[in-house]
Each structure stands twice: as structure tokens, then as C-alpha cells.
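I have placed the structure first, in the form of C-alpha cells, so that the comments after it can refer back to it.
The values are calculated or read from the model by the stated rules, or taken from the named source; none is laboratory data. Keep in mind the model is a prediction, meaning the values are calculated, not measured. Every residue, glycine as well, gets a Cβ built from its backbone with ideal geometry; the counts of neighbours run over all protein chains shown.
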Ligand SMILES: [Zn+2]
């Protein structure tokens, strides 16, 4: 019985370790692919340009980004979560 718990604990530990190691790598890889990997044709085919998410710093296509207009400018986010975080960070309700 104790052994099972130990194995479970070990598994959880391993997963957390893997996540913390792989997380940043995947993020950097995604950034690389989006920013430098596709020069021209691919990004224009997808429609839109690349914009940087002001929350997490990832580059996203304006065609697929989550948008938020602020002061006449349109901000682009990689996800709903980032947009929400930005909104909350500003401490301002939805316009
Ligand atoms: Zn983001």
C-alpha cells in the first residue's frame, strides 16, 4: 500500500518536472516557428501579420488572435486567458 502511494508521488513529481522543463522549450520553439520560421508566404496565406502578445510575449497571427481594442489600437493575444489577464491587469471593466 505504501509502495503504491510512493509510486504515485513519484509519477506526480516526474510529470511536474517534465512540465517545468518542457514548458519553456515549447514556448521558445513556438515563438521561433512563428517569428522566424515562416518568412512571407505561409504567414500571408494564413492571413494577417504577426503581432506580439503583450501578456506572454508569444507571436500570433492577427488572423487567429484574440483581439482587444484599446484607445483606437487593437491588441492581439494568443488566448482568451491572456486577454482576460491583460484586462484584469489594467483593472478596467470591459468597454
Ligand atoms: Zn499569450
Worksheet item: Assuming residue 35 fulfils every condition listed in (1) surrounded by fewer than 10 Cβ atoms within 10 Å (Cβ to Cβ); (2) outside any loop (DSSP other than H, G, I, E, B); (3) modelled with pLDDT under 90 apart from one, which condition is it?
Response: (1)
Worksheet item: Quick check: anything in region 79-94 touching a strand residue (DSSP E or B) at 6+ places or on another chain (Cβ under 9 Å), within 17 Å of residue 32 (Cα to Cα) and either more than 10 Å from the ligand (Cβ to nearest atom) or modelled with pLDDT of 90 or more (or both)?
Response: no
Worksheet, complete the sentence: Residue hits (region 47-61; farther than 18 Å from residue 36 by Cβ and either more than 8 Å from the ligand (Cβ to nearest atom) or touching a residue at least 60 places away in the same chain (Cβ under 8 Å) (or both)) are 47, 54
Discussion item. Quick test of your reading of the structure: residue 6 fulfils all but one of (1) surrounded by 10 or more Cβ atoms within 10 Å (Cβ to Cβ); (2) over 23 Å from residue 57 (Cβ atoms); (3) modelled with pLDDT under 90. Name the failing condition by number.
Written reply: (3)
Practice prompt. Among residues belonging to region 62-74 that are away from the ligand (no atom under 13 Å from the Cβ) and in a strand (DSSP E or B), point out the one that is surrounded by the most Cβ atoms within 10 Å (Cβ to Cβ).
Written response: 70
